[in-house]
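Quick notes on the structure that follows.
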């Protein structure tokens with residue numbers, strides 16, 4: 001693969017073919033876990049780790065997996081990765097686990113990892129697959145953080161509240177109060193806010209793409225290599 | 001190049017079912033099963049140690065260490081609360097005398113059960129309350145956590161008669177405790193849990209503080 005193809009993988013994952021804003025996949029965690037920017041960021045990071053690891057494994061075993069059993073094998077691999085990350089973090093990164101632990105089992109029910117395994121890792125060499133999983137996961141992180149940030153500012157008046165619990169005391173400085181506490185619109189934190197903000201951000205992304213003269217990618221009908 | 005659509009049956013030639021697919025699936029299950037079993041073994045002790053540390057930390061928050069010279073985590077008593085639920089009572093002692101007790105209390109919140117740890121002195125005053133687990137709305141109901149607000153600290157030093165029983169309610173219900181903006185059900189549940197915990201102490205005082 002040439003370096004321009006790696007560039008496409010990175011750009012596709014982060015923006016052009018973003019898992020949430022272009023493919024509209026992984027909607028459940030994208031709406032349920034984004035009551036704050038910090039929560040969205042944590043959920044996104046945990047997903048990125050699992051996606052990178054499972055894309056790598058599927059690419060390694062892609063010649064062994066027959067089409068007839070590929071879906072159960074993908075689910076098996078994603079579930080195994082999730083369980084491994086869950087156990088390892090609980091044992092050896094316990095402080096982080098106390099914050100992120102809630103999110104990790106939810107990754108199994110996210111269809112974005114499964115979609116990338118089927119569409120990319122099943123047919124591509126190991127390194128591009130790993131990168132695709134990683135950058136699709138990071139794109140997911142960006143999307144969830146953005147949704148969380150909008151909901152948190154409008155609903156609670158804060159931005160990155162409790163980031164220091166997730167990232168360490170050094171990040172106390174990014175915990176901001178944008179609006180006075182009583183100006184928050186409660187609905188934005190409740191489930192309707194998730195639908196509203198996700199929809200609005202999809203519109204914003206498409207407008208930006210149109211302005212840049214890009215073709216709108218419906219449902220991710222775009223390919224690499 | 002194939003498009004990334006999740007399912008494209010027309011591009012995949014389904015062959016007649018063969019044993020080989022079962023063998024492949026079985027091999028993957030076995031392989032990953034083994035990896036998981038090994039990881040489970042490797043992490044078992046560490047996870048148990050972390051759980052014990054967590055318990056010790058939550059106990060230390062509700063019973064000041066100056067009150068005891070024993071280890072309350074290992075000085076336990078199994079009892080049934082008013083709802084017939086089995087709870088573990090942790091006892092703090094100084095020179096053998098019980099100086100405080102701590103046990104889990106349960107309340108009903110907006111999104112299911114909330115689990116709290118209540119620490120009481122031997123005369124029934126609240127030493128501290130901490131939330132152990134809850135599913136309340138982040139940014140709203142989670143202000144009951146001590147790291148997100150000092151609301152839960154206002155119960156320190158109170159007891160069943162102070163304030164009187166009918167004032168152990170949120171302000172909306174005619175009591176003396178503030179609810180949060182946008183969340184009444186959560187603090188109401190916490191209050192009910194604490195009151196229940198205090199009543200449990202009153203009903204079982206002899207068994208709880210009697211030195212054995």
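Computed on chain A, with alpha-carbon pairs under 8 angstrom and 6+ residues apart, the relative contact order is 34 percent. Look at the stretch B:175-186: the mean tally of other chain Cβ atoms within 10 Å of its residues' Cβ atoms is 1.
A straight line joining the Cα centroids of segment B:18-84 and segment A:123-185 runs 30 Å. Entry note, chain B: relative contact order of 14 percent, from Cα contacts under 8 Å with a spacing of 6+ residues. For chain A, take the longest principal axis of its alpha carbons; what is the angle in degrees between that and the long axis of helix A:126-156, to the nearest 10 within 0 to 90? The two axes meet at around 20 degrees. R0 = 25 Å: FRET efficiency of residue B:20 with residue A:71, Cβ-based, nearest 0.05? That pair, residue B:20 with residue A:71, gives E of 0.90. Taking a ≥ b ≥ c as the square roots of the eigenvalues of the alpha-carbon gyration tensor, segment B:40-138 is classed oblate because a/c is 1.5 or more while a/b is no larger than b/c. Note on A:57-66: average number of Cβ atoms from other chains within 10 Å of each residue's Cβ is 2. Between residue B:38 and residue A:204, the modelled labels are 4.6 nm apart [label points 7 Å from Cα along Cα→Cβ]. Computed extension length for residue B:153-residue B:70: 27.4 nm, one decimal, from 0.36 nm per residue of separation with the Cα-Cα distance subtracted. Contact order for segment A:10-86, expressed relative to its length and based on alpha carbon pairs under 8 Å spaced 6+ residues apart, stands at 20 percent. GNM on chain A, alpha-carbon springs under 10 angstrom: the most fluctuating residue among A:56, A:196, A:25 is A:196. Across all C-alpha atoms in chain A, the radius of gyration and Dmax reach 17.9, 58 Å.
Relative to the dominant Cα principal axis of chain A, helix A:191-211 is inclined by about 70°.
Ranked from largest, the principal axis spans of the Cα set of segment B:55-212 equal 47, 29, 29 Å. Model label points for residue A:190 and residue B:123, set 7 angstrom from Cα along the Cα-to-Cβ axis, are 4.6 nm apart. Need the C-alpha centroid separation for segment B:130-204 versus segment A:1-39, integer Å. Answer, in whole Å: 41. Across peptide A:67-76, the mean count of Cβ atoms from other chains lying within 10 Å of each residue's own Cβ comes to 5. For residue B:181 and residue A:64, the FRET efficiency from 1/(1 + (r/R0)^6), where r spans their Cβ atoms and R0 equals 56 Å, is about 0.45.
Each value in this text was obtained by applying a stated rule to the coordinates, not by laboratory testing. Keep in mind the model is a prediction, meaning the values are calculated, not measured. Note: ideal-geometry Cβ built from the backbone for every residue, glycine included; neighbour counts use all protein chains shown.
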